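**Q** Here's a structure for you.
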Amino acid sequence: MYNEKVIEHFTNPRNAGEMPDADVVGEAGNFKCGDIMKIYLKIDGDRIADIKFQTFGCGAAIASSSVLTELVKGKTLEEAQRITNKDVAEELGGLPPLKMHCSNLAADALKDAIKRYLEKKKEEEAQS
Amino acid sequence: MTKRFVYMDHAATTPLREEVLEAMLPYLQDKYGNPSSLHSAGREARAAINEAREKTALALGAEPNEIFFTSGGTESNNIAIKGAARRQKHKRHLITSSIEHHAVLDVCKELAAEGFQVTFLPVDRYGMVSVEEVKRALTPDTFLISVMTANNEVGTIEPVAEIGALAREHGILFHTDAVQAVGQIPMNVREMNIDLLSLSAHKFNGPKGVGALYVRKGVYLAPLYQGGGQERKLRPGTENVAGIVGLARALELAVEEMPEKSRRLQELRERLIDGLLKIDEVVLNGHPTSRLPGNVNVSFNYIEGEALLLGLDLEGIAASSGSACSSSSLEPSHVLLAMGVEDQLARGSLRLTLGRGSSDADVDYLLAVIGPLVERLRRMSALYPRQH
Ligand SMILES: Cc1ncc(COP(=O)(O)O)c(C=O)c1O
Ligand SMILES: [Zn+2]
């Protein structure tokens, strides 16, 4: 039911695992099917220097997480913020209709990470 | 390790046996008569159905005129439950369990929507229905109890003989969905006081799309369809002759080989369970002993069942899961939830069901493949505790 690209990302996920020294961690949960994703970012200036993910979820959720990390690595925060759920599914060459919701959490987790990072920076600036 | 194809989904369906196919082929080719026809071709088909009815009855401890052929387990359940409800003049209450297959559960929900009262009995953590609970649920208005013989997900074998005795004592009809049990464990409708029993041929190496309903003599059901006089008008329509012949042949063979096969599968099952429980944070779902010989159901903490199925499939292993993401409903298994299995563990469940063709080599291969796969999925899981 999955295409080759999805299977390939599931089998060899890019940037999977923890990042102990991340600048920020974002999270998203999919209450529909219970998938959960964490995204770790290392940020240099306004660019995403490194990214890692951890996902509890089905094959579609894992493949979406993996392809998202490829999409955003090296991008500026502003560029990364513009990535949508649709971009993720398209990059994977499509998902079965029933599985579309499983790809949503990748972009959601990224947005959450960026939001947290910007808030953190604002706070730091206010304090200094 | 060389990749193999390993089929561990016998609860979903089983391969058709060679002997069964051979028995069926004449009725798909030369012996094409309609059993209702009076000429010799028709009589030949009629004779085949009669013989199949006798064999099926014998396997269940029933009389031939108590066997009605249907299109499978789903239809048998529908005819039994709706058929009993629609014959009721006054009584409006029925009792079932919360772990039934949807082919019973949703029929009962449909009747509830039509105004019947339905009690969905809880189960214990092993998926076992309590006879005491059944007794407590009885009211003067109860006309039917429907509890499955063995559960399709976790393999728990229910106390149907006790429930049957209770129902008989109170003059209430007892139906059991024995789709997972027939051909796997001994069944006797007389000894177990069963009034209505559903079975399906494709679960015991017979063909798909054919089943039977046992209706005890003296029990009357309202037919769901109107049509010709086939199956004494309970299930009209030209008979699936080849399918019926296949069902009976498969059942005959399954009963004959049951003692040996069940011992062999039970050994494989125990070895599989022992091997799986050696992996960290794995729990067995279902009953440790009152369990179908070929059923294994475990949950892996921190990983999602559909991902596990996909990983196994890529290694050539066919299995099944109660995870939300492997179902079309997006809900984790209602059976595991009714057993009180935590949501996350229900999502990480894996069902491996063994059958006639299962071998020691299959179990070895599964055990060799699954450890590294579980490890890989846990390492990338957002729920896996921090590794130091
Ligand atoms: C317990 C149980 N009841 C009913 C059914 C439905 O049987 P069938 O596929 O023959 O309609 C199944 C099989 O999926 C089952 O496992
Ligand atoms: Zn999913």
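**Q** Efficiency by 1/(1 + (r/R0)^6): what FRET value for B:Leu58 and B:Glu342, r their Cβ-Cβ distance, R0 = 41 Å, to the nearest 0.05?
**A** Working: r = 45 Å, r/R0 = 1.09.
It comes out at approximately 0.35.
**Q** Could I get the Rg over Rh figure for the protein assembly as shown? Both from C-alpha atoms, Rh via Kirkwood, rounded to two places.
**A** When Rh is taken as the Kirkwood radius, the ratio is 1.06.
**Q** For segment A:44-101, treating each Cα as an identical point scatterer without solvent, what Debye log10 I(q)/I(0) comes out at q = 0.19, 0.28 1/Å?
**A** Debye curve over Cα of segment A:44-101, log10 I(q)/I(0) at q = 0.19, 0.28 Å⁻¹: -0.69, -1.18.
**Q** If I model a spin label at B:Lys89 and A:Arg14 as a point 7 Å from the Cα along the Cα→Cβ vector, what separation in nanometres do I get?
**A** Calculated label separation equals 7.5 nm.
**Q** Treating only the Cβ of Lys, Arg, Asp and Glu as charged (+1, +1, -1, -1), what charge dipole size does the protein assembly as shown show about its Cα centre? Round to the nearest 20 debye.
**A** Once rounded to the nearest 20, the dipole reads 1200 debye.
**Q** Answer with one residue from A:Val24, A:Asn12, A:Ile36: the one whose Cα lies farthest towards the positive end of the charge dipole of chain A, charges on Cβ with Lys, Arg +1 and Asp, Glu -1.
**A** Checked the options; the winner is A:Ile36.
**Q** Need the list of lysines near A:Lys38 for cross-linking: C-alpha distance under 23 angstrom, and skip anything on the same chain fewer than eight residues off.
**A** Cα-Cα hits under 23 Å: A:Lys5, A:Lys52, A:Lys73, A:Lys75, A:Lys86, A:Lys99, A:Lys111, A:Lys115, A:Lys120, A:Lys121, A:Lys122.
**Q** Each residue of segment B:234-239 in order: what ³J(HN,Hα) in whole Hz does its phi give by Karplus 6.51 cos²θ - 1.76 cosθ + 1.60, θ = phi - 60°, with x for Gly and Pro?
**A** Per residue, the Karplus-derived 3J(HN,Hα) values read 6, 9, x, x, 4, 5 Hz.
**Q** Net charge near A:Lys75, counting Lys/Arg +1 and Asp/Glu -1 over other residues with Cβ under 14 Å of its Cβ? Mind showing how you got there, number by number?
**A** Numbers: positive: A:Lys42, A:Arg47, A:Lys73, A:Arg82, A:Lys111; negative: A:Asp44, A:Asp46, A:Asp50, A:Glu70, A:Glu78, A:Glu79, A:Asp87, A:Glu91.
Surrounding charge for A:Lys75 is -3.
**Q** Roughly how many Å is it from the Cα centre of segment B:100-155 to that of segment B:164-204, as a whole number?
**A** 14 Å
**Q** List the aspartates and glutamates whose Cα lies under 18 Å from the Cα of B:Lys135, skipping any in the same chain that are fewer than 8 positions away.
**A** Within the straight-line cut-off, B:Lys135 pairs with B:Asp124, B:Glu158, B:Glu162, B:Glu169, B:Asp195.
**Q** For the protein assembly as shown, with the dipole built from +1 on Lys and Arg beta-carbon atoms and -1 on Asp and Glu ones, taken about the Cα centre, which of B:His10, B:Pro122, B:Pro26 lies farthest toward the positive end?
**A** Toward the positive end, the furthest listed residue is B:Pro26.
**Q** Could you give the longest part of chain B that holds none of the chymotrypsin sites (Phe, Trp or Tyr not before Pro) found in DSSP loops with at most 15 neighbouring Cβ atoms within 10 Å?
**A** B:33-219
**Q** Cα-Cα over 28 Å: which of B:Lys208/B:Lys278; B:Lys31/B:Lys261; B:Lys31/B:Lys217; B:Lys82/B:Lys208; B:Lys89/B:Lys109? Numbers along the way, then the final one.
**A** Details: B:Lys208/B:Lys278 37 Å; B:Lys31/B:Lys261 33 Å; B:Lys31/B:Lys217 31 Å; B:Lys82/B:Lys208 23 Å; B:Lys89/B:Lys109 20 Å.
Among B:Lys208/B:Lys278; B:Lys31/B:Lys261; B:Lys31/B:Lys217; B:Lys82/B:Lys208; B:Lys89/B:Lys109, the Cα-Cα distance tops 28 Å for B:Lys208/B:Lys278; B:Lys31/B:Lys261; B:Lys31/B:Lys217.
**Q** Still on this structure, I have one more. Determine the sum of side-chain charges near B:Val215: Lys and Arg each +1, Asp and Glu each -1, restricted to other residues whose C-beta is under 13 angstrom from that of B:Val215. Mind showing how you got there, number by number?
**A** Numbers: positive: B:Arg53, B:Arg87, B:Arg216, B:Lys217, B:Arg232, B:Lys233, B:Arg235; negative: B:Glu63, B:Glu66, B:Asp195, B:Glu231.
So the surrounding residues net to +3.
Every read-out reported here was derived from the displayed coordinates using simple, explicitly stated rules and does not represent laboratory data. All of these numbers come straight from a predicted model, not from anything done at the bench. Here the Cβ is made from the backbone with ideal geometry for all residues, glycine too, and neighbour counts use every protein chain on show.
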